[in-house]
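Colleague: Quick one: this structure, given as structure tokens, is what I'll be asking you about.
The values are calculated or read from the model by the stated rules, or taken from the named source; none is laboratory data. Everything quoted here is computed from the prediction, not taken from an experiment. Neighbour counts run over all protein chains shown; Cβ positions are idealised from the backbone, glycine included.
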């Protein structure tokens, strides 16, 4: 970690809590908010991977809506147009994890340019970081929509390398998603896994260079 010259972050689940939407789900379906949120997120990821494999890119907003509709059908929940719109809108209002704002500013103070490399569209990334109050530290907000394919396709990580203009090993890629850390490691980035809660790392030929419980620990490691 001695030659890190820039940091690229995943957004969803790493900087912001995707399960913030559980509160909105709970308002519509009392007692089932967390259950809905968990399945919704699982299908959202699966749909991005499947669309990449099929060569059928769609926007992150469409993938999010499709996975919500699946979740409602699977759980036998009524989902009219108004509910669907409001639930999808909740994905623009995710909360940052508590330690994230201060940690990002501390990393900025170290003189490291920061970027987000996300499956979100440009519109979604901008909305989420502004709502969460974490827009200012970033030099680049990079969306997969430029490459028309989702992570962990190497073409997405290449967008981050080009924007930061730093050799791959000197870019630290930070994600709470083990599959994302794995993809970034295969691409050639240095990697950090933010292990939020219990989790097991993927068996796909990579190991993270650094494991932290939160971004505050990343600041300490880089100092």
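Colleague: So residue 199 clears everything in (1) modelled with pLDDT of 95 or more; (2) touching a helix residue (DSSP H, G or I) at 6+ places or on another chain (Cβ under 9 Å); (3) closer than 21 Å to residue 16 by Cβ except one condition, right? Which one?
Modeller: Status for residue 199: all satisfied but (1).
Colleague: A further question on this structure: Could you check the stretch 90-120 and list, in sequence order, the residues that are in contact (Cβ under 8 Å) with a residue 60 or more places away in the chain, surrounded by fewer than 16 Cβ atoms within 10 Å (Cβ to Cβ) and not in a loop (DSSP other than H, G, I, E, B)?
Modeller: 102
Table: residues versus (1) in a loop (DSSP other than H, G, I, E, B); (2) modelled with pLDDT under 95; (3) more than 19 Å from residue 194 (Cα to Cα).
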site: 8; (1), (2), (3): no, no, no
site: 25; (1), (2), (3): no, no, yes
site: 31; (1), (2), (3): yes, no, yes
site: 36; (1), (2), (3): no, no, yes
site: 53; (1), (2), (3): no, no, yes
site: 56; (1), (2), (3): yes, no, yes
site: 68; (1), (2), (3): no, no, yes
site: 71; (1), (2), (3): no, no, yes
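Colleague: Inside the stretch 153-182, can you point out the residues that are surrounded by fewer than 24 Cβ atoms within 10 Å (Cβ to Cβ) and either outside the structural domain of residue 201 (by TED's automatic domain parsing) or within 13 Å of the chain's Cα centre (by Cα) (or both)?
Modeller: Once the filter is applied, which keeps residues that are surrounded by fewer than 24 Cβ atoms within 10 Å (Cβ to Cβ) and either outside the structural domain of residue 201 (by TED's automatic domain parsing) or within 13 Å of the chain's Cα centre (by Cα) (or both), the stretch 153-182 yields 177, 178, 179.
Colleague: Which one of the conditions (1) within 28 Å of residue 148 (Cβ to Cβ); (2) in contact with a strand residue (DSSP E or B) (Cβ under 8 Å, 6 or more places away or on another chain); (3) in a loop (DSSP other than H, G, I, E, B) does residue 4 fail to meet, given that it meets all the rest?
Modeller: Result: residue 4 fails condition (1) only.
Colleague: Is at least one residue of the stretch 163-177 farther than 24 Å from residue 93 by Cβ, in contact with a helix residue (DSSP H, G or I) (Cβ under 7 Å, 6 or more places away or on another chain), in a loop (DSSP other than H, G, I, E, B) and without any contact (Cβ under 8 Å) to a residue 24 or more places away in the chain?
Modeller: no
Colleague: If you scan the stretch 121-138, which residues turn out to be in contact with a helix residue (DSSP H, G or I) (Cβ under 8 Å, 6 or more places away or on another chain), surrounded by fewer than 22 Cβ atoms within 10 Å (Cβ to Cβ) and outside any loop (DSSP other than H, G, I, E, B)?
Modeller: Within the stretch 121-138, 122, 123, 127, 131, 132 meet the criteria.
Colleague: Quick one: how many residues across the stretch 15-39 are out of contact with any strand residue (DSSP E or B) (no Cβ under 7 Å at 6 or more places or on another chain) and within 28 Å of residue 218 (Cβ to Cβ)?
Modeller: 7
Colleague: Would it be correct to say that residue 61 is farther than 13 Å from residue 15 by Cβ and under 17 Å from the mean Cα position of the chain (by Cα)?
Modeller: Taking the combined requirement at face value, the residue satisfies it.
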